[in-house]
Amino acid sequence: MSRKSVREGKNVYQLSREKAGLTRDAAAERLIYVTADRIEKIEYETSLPRPDEVLAMAKGYGNVSLCNHYCSHDCPIGREYVPAVEVKDLSQITLEMLANLNALEKEKNRLIEITVDGEITADEMPDYLRIRKYLDQMELTIESLKMWIEQNVNSDNL
């Protein structure tokens, strides 16, 4: 029987594996083509995981947030373009969604005024940037909801 790691500074991949109750050897068996040695290198950050390995870990550990973590933290392109999505509970996601929808409802007419001519002028830019923040927040909330659904709802029911 393997002993439990007491190492500090565990990365998200190790924490996810341990939360799934798997040793590295058991994880390697579940992930099929990712060896225990490779898992150790990823967890000790001596090697970055490849996208296919992250997909295998996400499925094998039952933690879809690993994919977002990889894209927003480890992938050079994703670090630039993919926002990190927080894992939240459904009630918090729902309240954030409603707050964003309420804020956007108040800004809807101004957004129409700004964009109707196909240009954003210098005097419209502050309002546009304020509205853009609401849109960005809504995007993160939607991604969080999608992640929650994928994590918590049986895909056969979708």
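The values are calculated or read from the model by the stated rules, or taken from the named source; none is laboratory data. None of these values were measured; they are calculated from a predicted model. Positions of Cβ are backbone-derived with ideal geometry, glycine not excepted, and every protein chain shown enters the neighbour counts. Heads up: the accessible areas ignore ligands, DNA and RNA and are worked out on the full protein's heavy atoms, side chains in. Shrake-Rupley method; radii C 1.70, N 1.55, O 1.52, S 1.80 Å.
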Along principal axes, Cα extents of segment 5-65, largest first, whole Å: 26, 22, 22
Estimated 222 nm signal from helices in the chain, with DSSP H stretches of n ≥ 4 weighted -39500 (n - 2.57), rounded to 500: -20000 deg cm²/dmol
Spatially proximal lysines relative to Lys108 (Cα-Cα < 19 Å; intrachain offsets below 8 disregarded): Lys133
Accessible area of segment 35-95 belonging to carbon and sulfur atoms, whole % at 1.4 Å probe: 57
Residue-normalised accessible area of segment 3-45, given per residue in Å² at a 1.4 Å probe: 67
Pair-distance profile P(r), taking every C-alpha pair of segment 84-158, with 10 angstrom steps and integer %: 18, 38, 25, 15, 4, 0
Segment 43-91-segment 20-37 distance, computed between alpha-carbon centres (Å): 17
Mean projected area (nm²) of the alpha-carbon convex hull when segment 3-158 is viewed from all directions: 12.7
GluC sites (Glu not before Pro) restricted to segment 1-94 and DSSP loop, no more than 11 other C-beta within 10 Å: Glu8
Residue-normalised accessible area of segment 62-158, given per residue in Å² at a 1.4 Å probe: 69
For the chain, the longest site-free run once trypsin sites (Lys or Arg not before Pro) in DSSP loop states with at most 10 other Cβ atoms within 10 Å are removed: 8-158
